[in-house]
1. Label-point separation (nm) for ARG43 and GLU10, each offset 7 Å from Cα along Cα-to-Cβ?
2. State the extension gain, in nm to one decimal, for the chain segment bounded by THR215 and LEU374, taking 0.36 nm per residue of separation less the distance between their alpha-carbons.
3. Between 0 and 90 degrees, rounded to the nearest ten: what's the tilt of helix 329-339 against the longest Cα principal axis of the chain?
4. Place a label point 7 angstrom from the Cα of ASP68 along the Cα-to-Cβ direction, then list the residues of the range 43-59 whose backbone nitrogen is under 20 Å away.
5. Starting from 0.36 nm per residue, how many nanometres of slack lie between ALA359 and SER328 once their C-alpha separation is accounted for?
6. Take the Cβ-Cβ distance between GLU349 and ALA285 as r, set R0 to 25 Å, and report the resulting FRET efficiency rounded to the nearest 0.05.
7. Would you work out the charge dipole size for the chain about its Cα centre, treating the Cβ of every Lys and Arg as +1 and the Cβ of every Asp and Glu as -1, and quote it to the nearest 20 debye?
8. Given the rule -39500 (n - 2.57) for each run of at least 4 DSSP H residues, summed and divided by the residues of the chain, what is its mean residue ellipticity at 222 nm, to the nearest 500 deg cm²/dmol?
Amino acid sequence: MLRVKINRNEYVLQDRASVLEAARSLGVYIPSLCSHPALPPVRHSASEAFVFRAAERIDGDGGGAHWDGCGLCAVEVDGELVRACASEIADGMTISTTSPEVVSYRKQRLAELLSNHPHACLTCAQSEGCPRTQCSSNVQVEERCCELFGSCELEKVSRFIGVPPSVSRYRPRGLPVLSEEPLFAWRPELCVSCLRCVRACRDLRGVGALAFVMTGGRPVVGTSVAPGRAESHCRFCGACVEVCPTGALLDKRHSVGTERERALVPCRNACPAGVDIPRLLRHIARGEPAKAARVIREKVPLAFAASYVCFHPCEEVCRRGEINEPISICRSKRFVVGEDGNEVRPALERRSPTGKKVAVIGSGPAGLTAAYYLARKGHD
């Protein structure tokens, strides 16, 4: 057990972790942009010799360099300023996340970051009620609020730290919006170089379509092999979009709230039975047909028959069709339930007889499925 004190409150931790991870587990908020719970620390990422940003090739200062991160997670440990993401918890440690030194340092790092990112949305007096249809403050078009206004992670972190009044005005760099390729758009003008997308592509997905170079002490993100994402072996999985803290990488079907999942996973929403199609395909890709069949049987007990009468509306909305052609989801289901047909399954539990009788009109898969569930509930 490790006993630590954070902001004068005592805590007990069971396992070693970084100060940032420990604070998260205890519900103590420490701002950060480069850190993400699903990704390895940014300091473990090494730069490449060059990257592409559209047709432009950007050469770095040399491959193998490392970046130490955004610095917004600074805390005071036993009187010394350290990065919470790079410091490990130790027994008896005293941590402050709110000391004047910490607050001042975070504001300094935030000012450096915002000087290279449009930030009129953070300093505009009309930002709270901005309709985004017109700008009453006459902010230049290149600096106006992006589509993520109100749900941007950088915005939330900046509000927490406080935008320094001394932050210099952002001067647009005129970088092109790259939206020719399918599914999502890339706006380098909004990139804060947190390298989340690079790590998601390389470490989470094992692809490496994105990389970065170090130029003048700052990381620059781009595609790793060729000007286009497809030529750099991008799978268009969208992991980079999901971890991006700004609007630099944005799904073309951008939506928020309850419509977000419907837009990003339309196949599951289109399935009349509500089969978790992404999970089904994931098990198939891993060579786990038995697990894939169980995903189908969770919703469709008579899976074999249903796989032959299914009119696959999921394929009509499959987003893979925007890249080349829809995934053959129906044939995939037919394959796994066929492979699973000889598996001996345990007897299903059935409730005590209720004495009630129910007539099911129709003997197709829907009628048989209704009869199946009614019988399990004890009805005749």
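1. Once both label points are built, they end up 3.0 nm from each other.
2. Contour length minus the Cα-Cα distance gives 50.6 nm.
3. The angle comes out near 60 degrees.
4. Under cut-off, by backbone N: 43-48.
5. Computed gain between ALA359 and SER328 is 7.6 nm.
6. Efficiency computed from Cβ-Cβ geometry: 0.20.
7. Charge dipole of the chain: 1280 debye, to the nearest 20.
8. Helix-only estimate at 222 nm: -7500 deg cm²/dmol.
Bear in mind these aren't lab numbers, they're just calculated from the coordinates by the rules spelled out. Since the model is a prediction, treat every value here as computed from it, not as a measurement. When we count neighbours, we look across all protein chains shown, and the Cβ atoms used for this are built from the backbone with ideal geometry, even at glycine.
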